[in-house]
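Heads up, the thing below is written out as structure tokens.
The values are calculated or read from the model by the stated rules, or taken from the named source; none is laboratory data. Remember, it's a predicted structure, so these values are computed and weren't measured experimentally. Heads up, the Cβs are rebuilt from the backbone with ideal geometry, glycines too, and the neighbour counts pull from every protein chain shown. SASA here: full protein model, heavy atoms, side chains in, ligands and nucleic acids out. Shrake-Rupley method; radii C 1.70, N 1.55, O 1.52, S 1.80 Å.
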Amino acid sequence: MNDMDQLVDIENSTQSKKIFLDQDIYEQEQERIFGRCWLFLAHESLIPKAGDFMTTTMGEDPVIVVRQKDGSTKAFINSCTHRGNKVCSAESGNARSFVCNYHGWVFGSDGSLIDVPLNERCYHGTIDKSTHGLPGIRVESYRGFLFGCFDQDAPPLDEFLGDFGWYLDTWMVGAGGGVELIGPAMKSILNCNWKVPAENFVGDAYHVGWTHAAALEVLGGELAGLAGNQADMPYDDLGLQFTTRFGHGFGVIRHAAASIHVKREGYDKFLRDTLPAVAENLGQARADLYDGHWNCTTFPNCSFLYGTNTFKVWHPRGPGQIEVWTYTIVHKDMDEETKKEIVKQAIRSFGTAGTLESDDGDNMTNCTHTNQGRMTRKGRMDATMGIRHEGHHPVYPGIVGSSFIGETSYRGFYRFYKEAMSAESWGDIRAQDNHWDEAWKDNGFWEAKAGKGE
Ligand code: FES
Ligand SMILES: [Fe+2]
């Protein structure tokens, strides 16, 4: 087993570069992180009718997600229980059953084995169909977002999301109408470790003014002021950063939700019109975040930007490669014109060939593959920005960092990464529930700040 104390130093907020390209560590991640956590599968809006299905992966395991006749959703491993072929090669569609290409075994949309060619004549009744269904996976929905989990001992999805869900409700249900994903997903390969984009989305507002300087200047809007880090801005007043139990985290730039969109009248109007409902339904604390721009990661590999409205899954394909799946998030109640415009703008910025997507790709590839070097991989990554300028907040749950440019949510992400990688089971993880945040305890940062009248 890998020495996690050496690999991830919580106290000093550093990580070994080895965790970004080592095959053994990758295998342990597959077992202990992708084998245990809730992983994003699909949004209910992508498979609305009975028989609608889509295929995806959980870690590297192929999975089929299918809408059932009773409206529920089931998911199965997409591998024939005969000789292992995929039983469904399509990306999505509607089907009553799945017929394996190899020898023709037929599986129902509930995963059960319903027909075996030449069963009587050649198996002579020895195959027990009831024990040869496709292995099922736990599926739960959060506000229409479907997640799957291989581990029967994992907490329910609601609990896994915890305080992070409390925050997500701000724009997922705050205005009343809910959100949906527009697909099909754009798919591309990026030669980087899955944690590099996951940590970038969980908390890297630092790179925005530098990596994306040229794009920001072209796009204009509120974020243009960040370009080149030149402007004298009150960073501590522009936003906040958050981390919650189980490694989820996000940052918010206040009043900047639609800032990346060039044509944004419809979006701005929607936000203005719905803001009072958010305050009424959820209270002022969350309403204050509603029209902000959010960068988020649901641990481990599902990231999104609310405002820019891109929604990504980083599917691992070995330690040095990922498949990136990109959807667009829209509010269900928006008019069709506004939805279409948001999709266009989201593709323009974070689609496969998007301006900001291309800026990020080079950095992510290089942050991974430099670690091939014998000396390089002995080095460490630093994530100390904003350390001690964070803590328990009087209003917001979780741990809150004082600026949206900081690495508070990196610290939360790697804290749980280490915990999950070290634990033998969910039982071990749960044993830490009451003191997961002790690294930040008694810091008193927010009380001190309040005391100073800031
Ligand atoms: S592998 Fe599927 S029917 Fe033989
Ligand atoms: Fe970026």
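Overview of values
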{"read-out": "Cα convex hull volume per residue for the range 293-410 (Å³)", "value": "138"}
{"read-out": "The chain: relative contact order in percent, alpha carbon pairs under 8 Å with at least 6 residues between", "value": "20"}
{"read-out": "Karplus 3J(HN,Hα) series, Hz, for the range 388-393 with 6.51 cos²θ - 1.76 cosθ + 1.60 (x for Gly, Pro)", "value": "6, 9, 6, x, 6, 9"}
{"read-out": "Crossing angle, helix 265-282 versus the chain [Cα axis fit, 0-90 degrees, rounded to tens]", "value": "90"}
{"read-out": "5 angstrom amide H check on Leu146, placed H, neighbours 5+ away", "value": "Leu41, Ala42, His43, Glu44"}
{"read-out": "Euclidean distance between Cα centres, the range 144-194 to the range 219-236, Å", "value": "30"}
{"read-out": "Globularity index of the range 198-240, i.e. its alpha-carbon radius of gyration over 2.2 N^0.38 Å", "value": "1.14"}
{"read-out": "Value of Rg/Rh across the range 153-295 [Cα atoms, Kirkwood radius]", "value": "0.97"}
{"read-out": "Extent along principal axes [Cα atoms of the range 115-174; Å; largest to smallest]", "value": "60, 22, 10"}
{"read-out": "Residues whose placed amide H lies under 5 Å from that of Met381, excluding near-sequence neighbours", "value": "Gln15, Ser16, Lys17"}
{"read-out": "Cut-off of 10 Å, at most 12 other beta carbons, DSSP loop: longest stretch of the chain lacking such trypsin sites (Lys or Arg not before Pro)", "value": "97-262"}
{"read-out": "Value of [θ]222 nm, deg cm²/dmol, for the chain, DSSP H segments ≥ 4, -39500 (n - 2.57) each, nearest 500", "value": "-8500 deg cm²/dmol"}
{"read-out": "Degrees separating the helix 355-369 axis from the principal Cα axis of the chain, which is the longest one", "value": "80"}
{"read-out": "As computed over the range 39-141, the Cα convex hull volume per residue (Å³)", "value": "96"}
{"read-out": "Mean separation of Cα contacts under 8 Å (6+ apart) over length of the range 39-141, as relative contact order %", "value": "22"}
{"read-out": "Rg/Rg_globular for the range 215-300, with Rg_globular taken as 2.2 N^0.38 Å and Rg from C-alpha atoms", "value": "1.20"}
{"read-out": "Rounded if a/c under 1.5, otherwise prolate or oblate - the range 146-220, Cα gyration tensor axes", "value": "prolate"}
{"read-out": "For the range 266-312: relative contact order, % (alpha-carbon pairs under 8 angstrom, 6 or more apart)", "value": "22"}
{"read-out": "Surface per residue (accessible, 1.4 Å probe) for the chain, Å²", "value": "42"}
{"read-out": "Spatial extent of the range 372-420: Rg and Dmax, with the Cα atoms as the point set, Å", "value": "14.0, 47"}
{"read-out": "Per residue, the convex hull volume that the Cα atoms of the chain enclose (Å³)", "value": "153"}
{"read-out": "The chain, accessible surface, carbon-and-sulfur percent (1.4 angstrom probe)", "value": "49"}
